[in-house]
Every structure is written in C-alpha cells, then in structure tokens.
Amino acid sequence: MSGTLNKVMLIGHLGDEVKMHYFEGGGCIGRFPLATNETYTNKTTNERITNTEWHNVVVRNKAAEICEKYLTKGDKVYIEGRIKTRKWQDDKGQDRYSTEIQCSEFTFLTTKAEGSAPANTSQPNVAQQQNAVNEPVAEEPDDLPF
C-alpha cells in the first residue's frame, strides 16, 4: 500500500461548551474538549479502573454553528476526522505543540427528548444537516445546446 491514512473516529462526552471564534471573512471555527473512557478490571486486585483521554476537537463553519446550537457539556457525540498538530510559541518564546482532531463528520448521540422539549416535539435531523454541509451544491443543468 503506497498511500497513507489519517483518520480518527471517537465516541465521547463533551467536557465543556463549544467555544466559537469568528473571522472577518465570515468563516468560523468551534472548539471543544471531548472525553473518551477506557474501563478495565485489574486482574490482581479485581478493581475497576477507568482511564479518561481528552481530545481537542475543532469544527469549521456551518458544522461549528450546528454544534454550538445543539451540543452542551456532557452530551455524547460521535466524531470523525483527522489528527492535526500545530506548533506555536508561548509568551517566553518557547515552542509549544497542540494536537487537535479536525472534525469532518459528526453525529449527536444524546437525545434531547428528556430535556426541556416535550417528547412529541420533532427535533431537526442534525446528521442530515451535517451531510448537507459536506456535500457540494449541485448546479442546475442548462437547456443550452452548447
């Protein structure tokens, strides 16, 4: 295999609200921490051990706005994307590194029916909205002969 692959799939819980950053050109990004847990039983002590790994997730433009609107701290979400490491300098001029998950797709796994909305109130299908964000806009065919 001559190609390479950079793909991440995570299911976890939001550790904080989505923080939005808007740019002059109209674009935006949303950032939030995502916690994933690994639980196992220690064979010598029979003690249940849970390890939590934190991931910095970055979502862009319309997808970020959807996340900000529908996700809250503690919600469970499926994230798909790629790993990106950024290099930056701190106030003292030392090189620092941040590893982030650049989200390309997501699915909300926490239902909001048990929240403030009545059970019969229909929530918009966020997965369909996300797919609409990722799909290119199809052009209407012309009736021109050339």
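The values are calculated or read from the model by the stated rules, or taken from the named source; none is laboratory data. Not measured: the values here are computed from a predicted model. Because the Cβ atoms are built from the backbone with ideal geometry, glycine has one as well, and the counts that use them run over all protein chains shown.
Selection of segment 57-114 for residues being among the small types (Gly, Ala, Ser) and under 12 Å from VAL8 (Cβ atoms) yields GLY81, SER104.
Yes/no matrix, rows are residues, columns are (1) in contact with a Leu (Cβ under 7 Å, 6 or more places away or on another chain); (2) within 18 Å of SER104 (Cα to Cα); (3) not small (Gly, Ala, Ser):
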| site | (1), (2), (3) |
| --- | --- |
| TYR22 | no, no, yes |
| GLY26 | no, no, no |
| PHE32 | yes, yes, yes |
| THR39 | no, no, yes |
| ASN42 | no, no, yes |
| GLU47 | no, no, yes |
| ARG60 | no, yes, yes |
| ALA64 | no, yes, no |
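The requirement of being at pLDDT 75 or above, assigned to a strand (DSSP E or B) and touching a helix residue (DSSP H, G or I) at 6+ places or on another chain (Cβ under 7 Å) is fulfilled nowhere in segment 68-80; no residue meets it. Residues that are assigned to a strand (DSSP E or B), of a type outside the set (Lys, Arg) and more than 15 Å from PHE32 (Cβ to Cβ) within segment 81-94 comprise ILE83, THR85, TRP88, GLN89, listed in sequence order. Only one of the numbered conditions (1) among the charged types (D, E, K, R); (2) under 18 Å from VAL18 (Cα atoms); (3) in contact (Cβ under 8 Å) with a residue 12 or more places away in the chain is violated by ARG86, and that is (2).
A single entry from GLN94, GLN89, GLN128 fulfils the requirement of being among the polar types (S, T, N, Q), surrounded by fewer than 12 Cβ atoms within 10 Å (Cβ to Cβ) and modelled with pLDDT under 50: GLN128.
Picking from residues in segment 3-57 that are part of a strand (DSSP E or B), β-branched (Val, Ile, Thr) and without any contact (Cβ under 8 Å) to a residue 40 or more places away in the chain, the one that is surrounded by the most Cβ atoms within 10 Å (Cβ to Cβ) is ILE29.
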